[in-house]
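Presented below is the structure to which this report refers.
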Amino acid sequence: MRFKRQRGTQDVLPEQAVRWQWVERRMRSTLQSYGYGEIRTPLFEETQLFVRSVGSATDIVQKEMYTFEDRKGRSLTLRPEGTAAVVRAYLENHLGREAGARRLYYYGPMYRYDRPQAGRYREFFQVGAEAIGSPEPAQDVEIIDLMMTMLRDLGLDELQVEVNSVGHPECRRAYESVLTAALEREQSELCATCQGRIPSNPLRVFDCKNERCMAVAARLPVLRGHLCADCERHHASVLRGLGQLRIPHRENPYIVRGLDYYTRTAFEVHYPQLGAQSALGGGGRYDGLVEACGGPATPGVGFSAGIERVLYALEQTQTERPARDTTAAVWVLPLGDATRVDALQLARELRTHAHTTVDLSGRSLKAQLRGVDRSGARVAVILGDDELASGEVMVRDLRVGEQQRVPRRDAVDAVTALLSTPEGGA
Ligand code: AMP
């Protein structure tokens, strides 16, 4: 009986993990440089948290949640996104007590029972940032700027921000009646899902990827024309701010977040070279969310980006990235039973200077050297019974294939001397 990984999940192997670590490290560094502090919340939460915050009419809640009962019959859900848990933790830990906006970021796996396809997984990673407490359009601009800086720092150029305003619930209600009337006229053209959404969440038609629905969407009235004066002013300020910071953007009236809690700014960041699934992530303002989660009325804005998507985008570029750094720079090769613990001791000493691995396979020297050559390591130290008896080891420069016998006590110096010679020889 062989076990297999679950559909829509991935094993990240060491060579790949190096790239993940690199991306994660750089992203964290940008987030921290903007004053965002990491928040780590549990992977599962009470189901109702997501129903209330993500919204009962969304695909995520209707079809994609990993929901289960624990042993006491409580309904729990593996988090499908990050914002809800951050807002829950913000309230539970009284993070709103401090004056000014609270700036938080998260990084970790999310779970959605999606149909697996290229770029879509059931377990995937997101990085996200939330600024909770400021109603100012400049806060929206900071969030977009942060996301762009974080992605650009990885070497992704030619990013495009698509931005829209979804107004506030009042502007949206007026618009939704216009939209519903228009959709009812086109009902027969829509897919079954969209037909079902007309009464509950008509804005979601703009998110549908069905070609006929997209054709209908292109003819529908857009929300932009129905914003109240305040929402219009907010939107104009955001656009002005993006212009002043020279962030490439364009207005896209079809970006919607069809939920009451989402207000005003909605945006996506695209990497056009990715084709159909070009969105690396997105976000927006959610002035009603903290209240919907049981807290006081508190404005907020945030973004989230998919790590797998970002890694895929990086693969499409020529950007300089670490190919591998799991490779040990030094290998210690013990020959014979008596030398293995000595090898572990020598490796301890060498690790102050370089990544060091001991070959404990028990194979012949020839076989060990073959493996080491393939690993891309720089130096091997060979510990044979005879040499050890005379207090010596063999230090081999793997780049040129030459070796020298040195006293055991000088082994570390001999290795570091080799490591410090530039590649391509002494
Ligand atoms: P969302 O939370 O749906 O706005 O998604 C934000 C970003 O997360 C998307 O642009 C993707 O980069 C990523 N993402 C969302 N769902 C998935 C998934 N099922 N598999 C991989 N990445 C995803």
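Couple of notes before you dig in:
- Using a Förster distance of 30 Å, the FRET efficiency for Ser75-Asp260 (Cβ separation, nearest 0.05): 0.85
- The orientation-averaged shadow of the Cα convex hull for the range 377-426, equal to a quarter of the hull surface, comes to 3.2 nm².
- Once you divide the Cα radius of gyration of the range 201-275 by 2.2 N^0.38 Å, the number left is 1.22.
- If R0 is taken as 56 Å, the Cβ-Cβ distance between Ser237 and Arg363 corresponds to a FRET efficiency of 0.25.
- The range 1-160 - Rg and Dmax from Cα coordinates, angstrom: 17.4, 58
- Listed by chain and number, the lysines whose alpha-carbon sits under 18 Å from that of Lys209, ignoring those within fewer than 8 places in the same chain, are Lys63.
- Highest-MSF residue in the chain out of Gly302, Gly376, Gly294 [GNM, Cα springs under 10 Å]: Gly376
- For the range 109-169: Kirkwood Rh in Å [reciprocal of mean 1/r, alpha carbons]: 14.5
- Only Lys, Arg (+1) and Asp, Glu (-1) charged, at Cβ; the chain dipole about Cα centre in debye: 760
- For the chain, built as a Gaussian network whose Cα springs stay under 10 Å, the top-fluctuating residue of Ser56, Ser361, Ser165: Ser361
- Ligands, DNA and RNA left out, the 1.4 Å accessible surface of the range 1-136 is 47% carbon and sulfur atoms.
- Evaluated on the chain, the Kirkwood hydrodynamic radius is 25.1 Å, with distances taken between all distinct Cα atoms.
- In this simple spin-label model, placing a label point 7 Å from the Cα along the Cα-to-Cβ direction at both Glu211 and Tyr66 gives a separation of 3.5 nm.
- Full-extension gain in nm, Trp20 to Val341, via 0.36 nm per residue minus C-alpha separation: 112.2 nm
- The order of the peptides 137-145, 365-373 by mean Cβ neighbours within 10 Å, most packed first, is 137-145, 365-373.
- Among 155-161, 127-133, 7-13, the order from most to least packed when residues are scored by Cβ within 10 Å on average: 127-133, 155-161, 7-13
- The base-10 log of I(q)/I(0) for the range 32-124, evaluated at q = 0.10 Å⁻¹, reads -0.31 [Debye formula, identical scatterers on Cα atoms, solvent excluded].
- Each helix, a run of at least 4 DSSP H residues, gives -39500 (n - 2.57); summed and divided by the residues of the chain, these come to -11000 deg cm²/dmol at 222 nm.
- Unit Cα scatterers, Debye sum, the range 173-297: log10 I(q)/I(0) for q = 0.10, 0.17, 0.18 Å⁻¹: -0.37, -1.04, -1.13
- Inter-label distance, nm, simple model (7 Å from Cα along the C-beta direction), Arg374/Ala297: 6.7
- Expressed as a whole percent, the proportion of Cα-Cα pairs in the range 260-392 lying more than 22 Å apart is 62%.
- Portion, in percent, of the accessible area of the range 183-245 that falls on carbon or sulfur, probe 1.4 Å: 49
- R0 of 25 Å, Cβ-Cβ distance Tyr34-Gln244: FRET efficiency to nearest 0.05: 0.90
- Carbon plus sulfur fraction of accessible area for the range 265-378, probe 1.4 Å, in percent: 50
- If the convex hull is drawn through the Cα atoms of the range 332-426, its volume per residue in Å³: 88
- Computed over protein heavy atoms with a 1.4 Å probe, the accessible surface of the chain works out to 50 Å² per residue.
The values are calculated or read from the model by the stated rules, or taken from the named source; none is laboratory data. Not measured: the values here are computed from a predicted model. Methodologically, a virtual Cβ is constructed for each residue, glycine included, from the backbone with ideal geometry; neighbour enumeration extends over all protein chains shown. In case anyone asks, the SASA skips ligands and DNA or RNA and just uses the protein heavy atoms, side chains included. Shrake-Rupley method; radii C 1.70, N 1.55, O 1.52, S 1.80 Å.
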